[in-house]
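Worksheet: the structure to be examined is printed underneath.
The values are calculated or read from the model by the stated rules, or taken from the named source; none is laboratory data. If you're wondering where the values come from, they're calculated on a predicted model, not measured in any experiment. Please note: Cβ atoms are built from the backbone with ideal geometry, for glycine as well, and neighbour counts cover all protein chains shown. For the accessible areas, the whole protein counts, side chains as well, though only heavy atoms, and no ligand, DNA or RNA atoms are used. Shrake-Rupley method; radii C 1.70, N 1.55, O 1.52, S 1.80 Å.
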Amino acid sequence: MANRIQPTEAQWKAIISNDKESDGKFFYAVQTTGIFCRPSCKSRPPKFENVRVFQSPDEARAERFRPCKRCKPTGERLPDHEWIELVTEYIDNHYTEHLTLDVLADVSHGSPYHLHRIFKRVKGLTPMEYIQDYRMDKAKALLRDSGLTISDIGHKVGLDNTAYFITLFKKKTGVTPLRYRGQYVLNNTSMEVQDHNEIR
């Protein structure tokens, strides 16, 4: 586990001060973003508890961290599809939080404009459209499988404004959350009756 240690005081100081002199001596990865960087990376400083230190890029890659698009710790450019896969994974794991294009660009070490453009090219939809679709899929599952109120479901999928949640859900599915739940219950009841009749 020596290659996954937290930074020493000197290493942490180098990270938060973007110390160019420390480049090549070690690399640091951020657990919450899945990205590893050079100490001199100009990205927003991570939280200490989320940082792991590696002696080489290979060690970081072996732990499934991907190189930063901004500081290029391997000397190579991260392919666009890998970068977008990283952003997508972040959305999938943090969809309940307040997510904006700026937040996503910040955690993925890119610019909002570039992220928007590349994400759309790779995925066929914008980051915000992807977030909305992902949240609606999660909301559908909760409407089907839980007894939570519409408001609680909105909160669970990262949409605290209930009116906005209902409007967005209807825009994406064509029905309100309540109607969707009602249709699901009705369809299941009909199928149970049909199964019962067939058994008889």
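So here's what we get for this one:
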| read-out | value |
| --- | --- |
| Tensor-based shape of segment 36-87 (alpha-carbon gyration tensor, a/c under 1.5 rounded, otherwise prolate or oblate) | rounded |
| Pairwise label distance in nanometres, Ile5 with Lys171, each label 7 Å out on the Cα-Cβ vector | 5.1 |
| Label-point separation, Glu89 to Leu178 (7 Å along Cα→Cβ), nm | 4.2 |
| Theoretical FRET efficiency, 1/(1+(r/R0)^6), r = Cβ-Cβ of Thr126 and Ala163, R0 35 Å, to 0.05 | 0.95 |
| Where the chain is the region considered: accessible area per residue in Å², 1.4 Å probe | 58 |
| Extension gain from Asp58 to Tyr113, taking 0.36 nm per residue of separation minus the Cα-Cα distance | 16.8 nm |
| Value in Å of the Kirkwood radius, where segment 78-125 supplies the Cα pairs that are averaged | 10.7 |
| Cα gyration tensor shape of segment 1-117, rounded if a/c is under 1.5, else prolate or oblate by comparing a/b with b/c | prolate |
| Equivalent ellipsoid dimensions for the chain as semi-axes, Å, which come from the Cα gyration tensor, largest first | 43, 18, 15 |
| Simple label model, 7 Å out from Cα along Cβ direction - Thr32 to Thr100, nm | 1.6 |
| Carbon + sulfur, % of accessible area of the chain - ligands and nucleic acids excluded, 1.4 Å | 50 |
